[in-house]
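Contents: one structure, followed by commentary.
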C-alpha cells in the first residue's frame, strides 16, 4: 500500500473507544481534495467494489475494464448527493492504511440494483492475528457535513447493530457473500457460524467508526502549521469526548476515526466527476 496518505494528527488509546484524528493534508495552499480522490481511485476502488476473484487477476491488460466495472458497481444512480458509498470507500481506505486490515467482502455486493440502499455494516474486513486466527472488523461510516448529526445517528445504529437478532442476520448475509476463492473464507465462515457463541465472536470483533464533517478549523487554514495541528487537535478531542458520552457502555471495542472536510459538497463533486470520467472512457 506504500506511503500512507492520511496523517494521524491525534491518536488517543488510553481508553476505549480510542481515537484517530486524521487529516488529508494541504498542498499549494489548498486542502488536498483532488489528491484524496486520486488516492482512493488509484489504490482502493477495485478492491472495494469487486469480489476477491474479480480483483485477483488485475493486470495492465485489463485494468481499464476492471476499473470501469468497479465504477459501474459504485455509480448505479444519477443522483449522488449524500452518497453513502463514498463514506464506505473512505472507511475502507483508512482502516486498510492504519491497521492493515484485509477486505472480506464488498459492501457493494449487498446491492441488488440501482438506487438500492442497504442497511447494515459499512465494511467487512478482518485482521490476521499472530496465532493465525481472524479478528473481525465490521465498520460504520457516516459521510456527513455535520459532526453533531454524525455522532447522533451512528450511536443509534451502533446500539441497534449489536443486538443478537440483528447481528445474527447480518452474519448470515455476510456468509452468503464470502468468495470461496478468498484465502480466509473457511475461517470467517466458522467464526460467523450459528454454532459459534456470540460471546466468542465479540471477543474477536471490533467496530471501526468513521465520521466525516465540515470543519471550520480546516477552512481557516491553508497549511499544516503548528497552529493548525493544535486547533484541529482540540476539535478532535472535543468530538471524541462527545462521542464517548453518547455511546456510554458498549459491549465491543470501538475505534473512532474522525476526518474533517473542507466541505462535504465539494468532495462529493470531485468524487462524482471522477466516477463520470471513468464511465466515459
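Starting from the Cα gyration tensor of the stretch 174-281, take the square roots of the eigenvalues, sort them a ≥ b ≥ c, and report rounded, prolate or oblate (rounded when a/c is under 1.5, otherwise prolate if a/b is larger than b/c, else oblate). It comes out oblate by the Cα gyration axes. Quick check: from the Cα gyration tensor, does the stretch 92-248 come out rounded (a/c under 1.5), prolate or oblate? Taking the square roots of the gyration eigenvalues as a ≥ b ≥ c, the stretch 92-248 is prolate.
Test of understanding: what is the full-extension gain from residue 241 to residue 216, defined as 0.36 nm times their sequence separation minus their Cα-Cα distance?
Numbers: separation 25, 0.36 × 25 = 9.00 nm, distance 1.85 nm.
Roughly 7.1 nm would be gained on extension.
Add -39500 (n - 2.57) for each DSSP H run of 4 or more in the chain, then divide by its residues: what number comes out at 222 nm, to the nearest 500 deg cm²/dmol? Per the formula, -14500 deg cm²/dmol. Annotation for the stretch 196-245 versus the stretch 246-281: alpha-carbon center distance of 13 Å. By its C-alpha gyration tensor, with a ≥ b ≥ c as the square roots of the eigenvalues, how is the stretch 7-279 shaped: rounded for a/c under 1.5, else prolate for a/b larger than b/c, else oblate? Here the stretch 7-279 falls in the oblate category.
Once the Cα-Cα distance is subtracted from the 0.36 nm per residue extended length, the residue 249 to residue 156 segment shows a gain of 32.2 nm.
Quick one: 212, 175, fewest Cβ neighbours within 10 Å first, how do they rank?
On the way: 212 24, 175 17.
Going from sparsest to densest Cβ surroundings: 175, 212.
Considering only 56, 218, 136, the mean-square fluctuation computed in a Gaussian network model of the chain, springs between alpha carbons under 10 angstrom, is largest for 56.
Just rank 20, 153, 255, fewest to most, by other beta-carbon atoms within 10 angstrom. Walk me through the intermediate numbers first.
Numbers: 20 24, 153 15, 255 21.
With the sparsest Cβ surroundings first, the list reads 153, 255, 20.
Stretched out straight at 0.36 nm per residue, the stretch from residue 18 to residue 223 would grow longer than its current Cα-Cα span by 71.1 nm. Taken as Cα centroids, the stretch 30-56 and the stretch 122-181 sit 20 Å apart, rounded to the nearest whole angstrom.
When DSSP assigns beta bridges and you keep just the ones with both residues in the stretch 7-279, what percent turn out antiparallel, to the nearest 5? Rounded to the nearest five, the antiparallel share is 45 percent. Taking the chain as a Gaussian network, where each spring joins two C-alpha atoms under 10 Å apart, which residue of 47, 181, 235 fluctuates the most? Maximum among the listed residues: 181.
Every read-out reported here was derived from the displayed coordinates using simple, explicitly stated rules and does not represent laboratory data. These numbers come from a predicted model, not from an experiment. Cβ: placed from backbone, ideal geometry, glycine included. Neighbour counts: every protein chain shown.
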